[in-house]
Amino acid sequence: MSIRALMCVVGGVGVLGTSAMGQTLQLDDHVYRVESGLMFDISNIGASSFAWSWTDFSGMFVDIEDPTIVLVTGQTYLFRRTTGSHPFVVTDDTLEVTGTDGFFARVSTDGTAIEAAALEPLADWMADPAPTSDFIMWTPGAGDIGEYYYTCAIPFHTGMTGRIVVEGPADPRDVQIVGADFENQVLEVMNVGPSAQDLSGWRFCSHDSDEVRRYTAPTGLDGVILGAGESISIYFHNDAPMDPGAMNRSDLGGFFATPLDSDAYGIQLYRPGSTGSVSFGDSTLITDHVQWNIGGSGAGGSETRTAQAVSEGLWLMTGEFVSTTMDTRSISLTDPGDGRLHGDANYSADEPCAPDLTGDGQLDFFDVSFLLQNGVDYNGDTMFDFFDISSFLQEFSVGCP
């Protein structure tokens, strides 16, 4: 649909422009994901670049030079040229360009090459300079997911070029708790989905055998954006390394049940609701849940909110725990792509390998030598004798996972 048809439907451009409910995530220095429909005002800086401006609930973005814009399927976007000259045209990814986000340049100075790459019909994908009402309207669908470019239709204005990406809407339940490291007291959360996720306002709720409903602060994750495949590690000992993917437990404010060990623990991650805040009684706001316990059996307070997770298809059943031992070093989610319903079978536990006495991850002559040279009390009966050697060799022959 052309902008002229749109104006007939909504009674003028101003209606759509003032009702936009957008949210912008800045994913990188020159990359912006605009999650709801709105109007882009596009001016220019000479013949060197386009300058984009827009406003949404995230604030005002003014004169951003040749940004990479990420659009979301199902949302309606308008592109309006606000200055004279420099027609703005959207092309497919066959347009030959060089450079990187924020600094792309078109290779060809041939107008026919621009027309050949332009989306069709060309009249609907070219916004003429102001003063004009010849805007571009785009409501990308699932079939439009992919990469595109925008450029100036004047052949020698090669620097006025940038990238547009179309993605599906972010699914908050793509953010999952993928690991708990008991040795180092580290909890890992990953975005296993294809789209960036803004964790602002998200909160943890955790429980163990003697602490329940321990909530992190409402602002603890504000400003944390996880791109596709990115993770954040939370260090319970507040010894996080200098790494953008690491946070101290104290950075989140509020409380966790502690310690993060292999015995009786349950944890949920909640996202804000329509009011902009978390209601822990609202099961629909749980994005992920996991619980573990020694032997895989239930343990009182650690199941405080498990029934909510079960009701949302996030956990198999109450009484279902990832099975651990006193010596379990960590657990890891092995089936993140399955998406939602998890239980013990979806996690692996890292257990120490008893006959690997040297701790080098291999069973070999050096482990046998270590046993004999150090007189290791392998069976725990307070003495070193034939029975230690026999127990060791039996487990040595079986090997370790």
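Bear in mind that the values in this text are calculations on the coordinates, not laboratory data. Computed from a predicted structure; not experimentally measured. Neighbour counts are summed over all protein chains in view; Cβ atoms, including those assigned to glycine, are modelled from backbone coordinates with ideal geometry.
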- About its Cα centre, what dipole magnitude does the range 219-360 give when the only charges are +1 on Lys and Arg Cβ and -1 on Asp and Glu Cβ, stated in debye to the nearest 20? 500 debye
- Message: At 222 nm, what value in deg cm²/dmol follows for the chain if DSSP H runs of at least 4 each add -39500 (n - 2.57) and the sum is divided by all its residues, to the nearest 500?
- Response: -3500 deg cm²/dmol
- Note on the structure: Ranking Val107, Gln176, Ser311 by how far each Cα lies towards the positive end of the charge dipole of the chain (+1 on Lys and Arg Cβ, -1 on Asp and Glu Cβ), the top one is Val107
- Exposure proxy order (Cβ contacts within 10 Å, fewest to most) of His30, His237: His237, His30
- What base-10 log of the normalised intensity I(q)/I(0) is obtained for the range 353-401 from the Debye formula, alpha carbons as equal point scatterers, at q = 0.27, 0.29 Å⁻¹? -1.04, -1.18
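Mind checking the dipole of the range 353-401: about its Cα centre, +1 per Lys or Arg Cβ, -1 per Asp or Glu Cβ, Debye to the nearest 20?
On the way: 0 positive and 9 negative charges, 11 e Å.
I would put it at about 60 debye.
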- Would you please state the base-10 log of I(q)/I(0) at q = 0.14, 0.21, 0.30 1/Å for the range 82-139, with intensities from the Debye formula using one equal scatterer on every alpha carbon? -0.43, -0.92, -1.20
- Calculated FRET efficiency for the pair Asp29/Thr112, C-beta based, R₀ 51 Å, to 0.05: 0.90
- Note on the structure: Taking Lys and Arg as +1 and Asp and Glu as -1, residues besides Phe156 with C-beta under 14 Å from its C-beta add up to 0
- Task: Apply the Kirkwood formula to the range 223-325: the hydrodynamic radius equals the inverse of the mean of 1/r over all pairs of different alpha-carbon atoms; give it in Å with one decimal.
- Result: 15.2 Å
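Can you check what the net charge comes to around Ile45, using other residues whose Cβ is under 10 Å from the Cβ of Ile45 (Lys, Arg +1; Asp, Glu -1)?
Details: positive: none; negative: Asp63, Glu65, Asp66.
Local net charge: -3.
Would you list Glu320, Glu351 from fewest to most Cβ contacts within 10 Å? Display every interim value, and only then the final one.
Details: Glu320 19, Glu351 15.
Ordered by Cβ neighbours within 10 Å, fewest first: Glu351, Glu320.
Can you give the convex hull volume per residue for the Cα atoms of the range 3-167, as a whole number of Å³? Walk me through the numbers on the way to the answer.
Values: hull volume 16.7 nm³, N = 165.
Dividing the Cα hull volume of the range 3-167 by its residues yields 101 Å³.
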- Item | Protection proxy ranking of 133-142, 372-381 - average other beta-carbon atoms within 10 Å, highest first | 133-142, 372-381
- Count charges around Asp29 for me, please; just the other residues with Cβ under 13 Å from its Cβ, Lys/Arg as +1, Asp/Glu as -1. -4
- Query: How big is the Cα convex hull of the range 182-282 in projection, averaged over all directions, in nm²?
  - Reply: 6.7 nm²
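First obtain the Kirkwood hydrodynamic radius of the range 172-350 from its Cα pairs, then insert it into the Stokes-Einstein equation at 37 °C and 0.692 mPa s, and state the resulting D in µm² per second as a whole number. Working shown, then result.
On the way: Rh = 15.9 Å.
Answer, rounded: 207 µm²/s.
Please state the charge dipole magnitude for the range 31-96, taken about the Cα centre, from unit charges on C-beta atoms (+1 on K and R, -1 on D and E), reported in debye and rounded to the nearest 20.
Values: 3 positive and 9 negative charges, 48 e Å.
Its charge dipole is roughly 220 debye.
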- Task: Report the convex hull volume per residue for the chain, counting only C-alpha atoms, in Å³.
- Result: 183 Å³
- Nearest 0.05, what FRET efficiency do Phe365 and Phe386 give at R0 = 25 Å with Cβ-Cβ as r? 0.80
